[in-house]
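J.: Take a look at the following structure, please.
The values are calculated or read from the model by the stated rules, or taken from the named source; none is laboratory data. Source: prediction; values computed, not measured. Virtual Cβ from ideal backbone geometry, glycine too; neighbours counted across all protein chains shown. SASA here: full protein model, heavy atoms, side chains in, ligands and nucleic acids out. Shrake-Rupley method; radii C 1.70, N 1.55, O 1.52, S 1.80 Å.
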Amino acid sequence: METHPTPEALRKHDLITRKEAMAMLGLGETLLARLVRSGALKDVRIGRFKYLSRAAVEAYIAQLAKSVA
């Protein structure tokens, strides 16, 4: 059975879970998956689990804020 990386390892590489990204973006699982498939966000696979870069999610939020302003 494969386990998730430790929280310390994720923080070291500034990675967040898909669930955390969904909370940051206020999106559901389907829309987050669409953003990843379209290339708007890139995920990272570690074993069988996928994570996103916190910086990439924050940059996407900033890009959205710019397009609205």
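J.: Here are Leu32, Leu64: which of them is open to solvent by less than 60 Å² (accessible area, probe 1.4 Å) and of a type in the set (A, V, I, L, M)?
T.: When all the criteria are applied, what remains is Leu32.
J.: Among the numbered criteria (1) without any contact (Cβ under 8 Å) to a residue 12 or more places away in the chain; (2) buried (at least 17 other Cβ atoms within 10 Å of the Cβ); (3) part of a strand (DSSP E or B), which one does Met22 miss?
T.: Answer for Met22: the failing condition is (3).
J.: Being over 10 Å from the mean Cα position of the chain (by Cα) and either among the acidic types (Asp, Glu) or open to solvent by 80 Å² or more (accessible area, probe 1.4 Å) (or both), is that true of even one residue in the stretch 42-53?
T.: yes
J.: Somewhere in the stretch 39-61, is a residue in contact (Cβ under 8 Å) with a residue 24 or more places away in the chain, more than 27 Å from Thr3 (Cβ to Cβ) and of a type in the set (A, V, I, L, M)?
T.: Looking for residues that are in contact (Cβ under 8 Å) with a residue 24 or more places away in the chain, more than 27 Å from Thr3 (Cβ to Cβ) and of a type in the set (A, V, I, L, M), one finds at least one in the stretch 39-61, hence yes.
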